[in-house]
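The values are calculated or read from the model by the stated rules, or taken from the named source; none is laboratory data. Since the structure is predicted, the reported quantities are computational estimates derived from the model, not experimental observations. Cβ: placed from backbone, ideal geometry, glycine included. Neighbour counts: every protein chain shown.
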Amino acid sequence: MNRVSSSTLDYGHVSMRDFARVFPFYFAWDANDIITESGASLLKICPRAVPGARLQDVFHSQSPEGEFCDAHARANPERLFLLEDRRQKVILRGQVMLLDRPRRGIMLASPWLTEPDQAHQMGLTTHDFAVHDQTLDLLQVLQMQRKVTTDLQRLASQLTEQRIQMREQEEQSHKLALVAARTDNAVIVTDAAGHIEWVNEGFTRMTGWQLEEVIGRQPGDFLRCPEADPGADNFMNQCLQQQRGFRVEMLNFHRSGRKYWSSIEIQPIRNEAGEVVNFMSIESDVTQRRQADQRRALQFSTSRTLAEADSVRQAAAKVIQLICNQLGWIA
């Protein structure tokens, strides 16, 4: 049943049906924090977000932290919002559009899915997502990462078992080394203290460093970019100290000085006594995906700026500022 309410907003030349197709998880509210419209796909996962419901009764803002209402949205107009459905515990991510005459707001959201099975569990299909929505692409990436994680854990388990019988260890190590040498991903094996013992050819292709140049060194000493997110760096160090597996994306340096984004998956390798004797890292270059995400964000911000500007000159100035901010330039 289509539970989208009748339109109370002015979409100009865009019909209500077209708007709902482009933003199927949107919802709108008035100056009294009352929901006035809800996308059909949104109501599948947030059934209480019906027209007439209060924003505060349905959603809580995780980021920026606070009670989600019109005043909170207007206090953070340029922020990416993470909203939690208070009852369903579904997380929505997106931006708000704020209008003044009359005072109202629109949340252009998508469900934040962290596991490939979540969409199916929520009762969502591909028809619930707009063509431009990158959520489906993200689910495919998550599915691939799950497979990589499973393979990595299986590989670590095999290496642990091989330490029991030396002959089996040598045979399996030869096979695993052959696979690692052929993969395009970078594979790094360190000792328990994080010093490199072995890297594959994929590592050399990705970073420009040869095995003989990096053996005995810690990867962060020559790969870590000073501009990398300190939060991600602290998370990585904490996981390594706790000797547990993790996944993170970091901004790294190629030997030539070129910056690139790396998706890093690290798992500890334990001996038969349960002691960590090695760490194995599989890294892939995700620079193109990160740049694509940046372009999409810039396109969205630019489109909104052009739509809201009173003049071409005002729009041009704001667009230039957006581009400079996105690329880290000084305007």
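Here's the yes/no breakdown for (1) in the same structural domain as residue 111 (by TED's automatic domain parsing); (2) outside any helix (DSSP H, G or I); (3) within 12 Å of residue 105 (Cβ to Cβ):
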| site | (1), (2), (3) |
| --- | --- |
| 20 | yes, no, no |
| 24 | yes, yes, no |
| 37 | yes, yes, yes |
| 43 | yes, no, no |
| 48 | yes, yes, no |
| 56 | yes, no, no |
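Results for (1) touching a helix residue (DSSP H, G or I) at 6+ places or on another chain (Cβ under 8 Å); (2) under 26 Å from residue 293 (Cα atoms); (3) surrounded by fewer than 19 Cβ atoms within 10 Å (Cβ to Cβ); (4) of a type outside the set (Val, Ile, Thr), shown as yes or no for each residue.
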{"site": "27", "(1), (2), (3), (4)": "yes, yes, no, yes"}
{"site": "36", "(1), (2), (3), (4)": "no, no, no, no"}
{"site": "39", "(1), (2), (3), (4)": "yes, yes, no, yes"}
{"site": "47", "(1), (2), (3), (4)": "no, no, yes, yes"}
{"site": "61", "(1), (2), (3), (4)": "yes, yes, no, yes"}
{"site": "69", "(1), (2), (3), (4)": "yes, no, yes, yes"}
{"site": "85", "(1), (2), (3), (4)": "yes, yes, no, yes"}
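Of the residues in segment 196-245, how many are farther than 27 Å from residue 274 by Cβ, not β-branched (Val, Ile, Thr) and not in a loop (DSSP other than H, G, I, E, B)?
The qualifying residues number 16.
Restricted to segment 58-98, and to residues that are touching a residue at least 12 places away in the same chain (Cβ under 8 Å), assigned to a helix (DSSP H, G or I) and of a type in the set (A, V, I, L, M), which residue is nearest to residue 30 (Cα to Cα)?
Across segment 58-98, the extreme among qualifying residues is 73.
Filter segment 8-25 down to the residues that are closer than 15 Å to residue 99 by Cα and in contact with a strand residue (DSSP E or B) (Cβ under 8 Å, 6 or more places away or on another chain), then identify the one that is modelled with the highest pLDDT.
Among them, the one singled out is 9.
Taking the condition closer than 16 Å to residue 255 by Cα, of a type in the set (Val, Ile, Thr) and either modelled with pLDDT under 85 or in a helix (DSSP H, G or I) (or both), does residue 160 pass?
Considered against the rule, which asks whether it is closer than 16 Å to residue 255 by Cα, of a type in the set (Val, Ile, Thr) and either modelled with pLDDT under 85 or in a helix (DSSP H, G or I) (or both), residue 160 comes out as no.
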